[in-house]
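The structure appears right after this line, and notes come after that.
The values are calculated or read from the model by the stated rules, or taken from the named source; none is laboratory data. Predicted model only: the values in this text are computed from it and were never measured. Here the Cβ positions follow ideal geometry from the backbone for every residue, glycine too, while neighbour counts run over all protein chains shown.
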Amino acid sequence: MSEKIKENFSLLREGIHKMKKRTVMMALFSLLLVTLLAAGCGNKAGAPTTAQEAPELSVGYIFTNHHTPLVVAATKGEEFKDQGVYLKPVIQKEKYDLMDGDNKLATLSLVVNKSGSETTTLFAQNNLDVALASVTAIMSGADKGTPIKTLCPVQTEGMALVVPKDSRIDNWESFLAHVKAAGQPVKIGYHSPTSAPRIVFEGALHEAGITITQDANDATAQVLMVDLKDTSNLNSALTSKQVDGWVGPSPHPEVSVVQGIGKIALNLRDLPPQGHWHDFPCCVVAARDEVTAANPEVMQKFVDLMTKCSEWCNNNKEEAGTITANWMGLPPEAAKASSLVYSTEVTENWMRGTGIYMDVLNNMDKFSDQLKGKNLDEVEPLLFNFSFTEKSNI
């Protein structure tokens, strides 16, 4: 082979080698560029949340028809897709995707709480992100420094005093007469220290000049308030005569009547002074401040969901009662007998009632820290974030 041909072959091999190196380098550069662009797009401020990035939030609720809008949302699921926001089942009664049309916003794990008191404890431990509970329970948690706020109401009223079915007590006056003639403390049970029924009832007793105690050894008081720890213990405590009566939320009074255990002596809305306790606040949606700040779109859509489902419950009371009964294992007759009004709207009357709660709790020395000695106007920023319900109820 001539020297010229050998030289050409050598140049050809060198050129091919250089081309291979450039090809590999270009491929590596392209891969790096794609990776960086993907990472940049994934972290871009304000970019849409993908299904993989949707937060997982724990949502607490209690087995009461005060929380029926959430139960209805979970039961109806994708049947409510036409209303925009809805829940898509992942595991029935346990886990749901919060959907806005076809867009997944969050995964919600439902947590059953025994009471509002347990709810605030779980909030304080960061074991709950969002929850439905009584506004008084949320106040109690905020007083202790737990960074939570009420986002919207859920319902009003639905609280009663229940006594044995053969009792002669059938109104407030006959109850007071019984207390004054008893000669020993009349034992009245409640399910949670921060429950609205207990606060309203004790407030009325104070106004009537009735002495109250929680000490079973105090024989000088006229009424002994007994913590029964859970709504499931209300009727059993009555049948065992652990208590002479109890105050609690719907549907438990209605269940007591249907099961032939007790009777409703009075609805707490009828406590004196007349009209003072009408349309009174009870349960709300609350969330940890950290969760709200990190997930404003999710919070807005969750409040929207509660608004739409509240309206549906008011317009479909019998079906809402059936859904609640099936979900919670209640007698259908009891669930359907509910007179609750569901709403996420913050009305003037709702705020007035919340202010009365504040005053009653302070007069009873129930606050010890951030709310102690304060009125509602002074602590509104600490207790409420109504920006979501204001948009939801436009």
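Against the conditions (1) modelled with pLDDT of 95 or more; (2) assigned to a helix (DSSP H, G or I); (3) farther than 22 Å from residue 324 by Cβ, where does residue 126 fall short? Just the number, please.
It fails just one condition, (2).
Can you find a residue in the range 69-80 that is under 30 Å from residue 372 (Cβ atoms), out of contact with any Pro (no Cβ under 9 Å at 6 or more places or on another chain), crowded, with 24+ Cβ neighbours inside 10 Å and in the same structural domain as residue 299 (by TED's automatic domain parsing)?
no
Taking only the range 309-319 into account, find how many residues are more than 13 Å from residue 154 (Cβ to Cβ) and assigned to a helix (DSSP H, G or I).
Residues flagged as more than 13 Å from residue 154 (Cβ to Cβ) and assigned to a helix (DSSP H, G or I) within the range 309-319 amount to 5.
So in the range 124-139, with the set limited to residues that are surrounded by 24 or more Cβ atoms within 10 Å (Cβ to Cβ) and not aliphatic (A, V, I, L, M), which one is nearest to residue 68 (Cα to Cα)?
If we take residues in the range 124-139 being surrounded by 24 or more Cβ atoms within 10 Å (Cβ to Cβ) and not aliphatic (A, V, I, L, M), then 134 is nearest to residue 68 (Cα to Cα).
So which residues in the range 312-338 are charged (D, E, K, R) and touching a residue at least 12 places away in the same chain (Cβ under 8 Å)?
317, 318, 333, 336
Condition first: in a strand (DSSP E or B) and not hydroxyl-bearing (Ser, Thr, Tyr). Now tell me which residues in the range 129-152 satisfy that.
130, 131, 132, 133, 148, 149, 151, 152
Residues checked against (1) over 26 Å from residue 86 (Cβ atoms); (2) under 15 Å from the mean Cα position of the chain (by Cα); (3) in the same structural domain as residue 233 (by TED's automatic domain parsing):
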position: 246; (1), (2), (3): yes, no, yes
position: 251; (1), (2), (3): no, no, yes
position: 254; (1), (2), (3): yes, no, yes
position: 260; (1), (2), (3): yes, no, yes
position: 266; (1), (2), (3): yes, no, yes
position: 275; (1), (2), (3): yes, no, no
position: 296; (1), (2), (3): no, no, no
position: 302; (1), (2), (3): no, yes, no
position: 305; (1), (2), (3): no, yes, no
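Would it be correct to say that residue 134 is outside the structural domain of residue 373 (by TED's automatic domain parsing), hydroxyl-bearing (Ser, Thr, Tyr) and either within 28 Å of residue 219 (Cβ to Cβ) or within 29 Å of the chain's Cα centre (by Cα) (or both)?
In short, no.
Considering the range 84-123 alone, what residues qualify as being surrounded by 16 or more Cβ atoms within 10 Å (Cβ to Cβ) and in a loop (DSSP other than H, G, I, E, B)?
114, 115
Here is a list: 363, 375. Which entry is of a type outside the set (A, V, I, L, M, F, W, C) and touching a residue at least 24 places away in the same chain (Cβ under 8 Å)?
Step by step, each of 363, 375 is checked, and only 363 is of a type outside the set (A, V, I, L, M, F, W, C) and touching a residue at least 24 places away in the same chain (Cβ under 8 Å).
I want to confirm something. Restricting to the range 153-175 and keeping residues that are under 12 Å from the mean Cα position of the chain (by Cα) and part of a strand (DSSP E or B), which single residue is modelled with the lowest pLDDT?
155
In the range 47-79, how many residues are at pLDDT 95 or above, assigned to a helix (DSSP H, G or I) and of a type in the set (S, T, N, Q)?
Result for the range 47-79: 2.
In this structure, is residue 355 part of a helix (DSSP H, G or I) and buried (at least 22 other Cβ atoms within 10 Å of the Cβ)?
no
Give the range 289-299 a look and list any residue that's surrounded by fewer than 20 Cβ atoms within 10 Å (Cβ to Cβ) and over 22 Å from residue 116 (Cβ atoms), or say none.
Across the range 289-299, the qualifying residues are 293, 294, 296, 297.
So residue 286 clears everything in (1) surrounded by 14 or more Cβ atoms within 10 Å (Cβ to Cβ); (2) touching a residue at least 12 places away in the same chain (Cβ under 8 Å); (3) out of contact with any Leu (no Cβ under 7 Å at 6 or more places or on another chain); (4) not assigned by TED's automatic domain parsing to the domain that holds residue 214 except one condition, right? Which one?
Exception for residue 286: condition (3).
Each row is one residue, and each column tells you yes or no for (1) touching a Gly at 6+ places or on another chain (Cβ under 9 Å); (2) closer than 17 Å to residue 249 by Cβ.
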position: 315; (1), (2): no, no
position: 328; (1), (2): no, yes
position: 331; (1), (2): no, yes
position: 336; (1), (2): yes, yes
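Residues to consider are 157, 207, 202; find the one that is closer than 23 Å to residue 350 by Cβ, out of contact with any Leu (no Cβ under 7 Å at 6 or more places or on another chain) and either buried (at least 21 other Cβ atoms within 10 Å of the Cβ) or of a type in the set (Lys, Arg) (or both).
Checking each option against the conditions leaves just 202.
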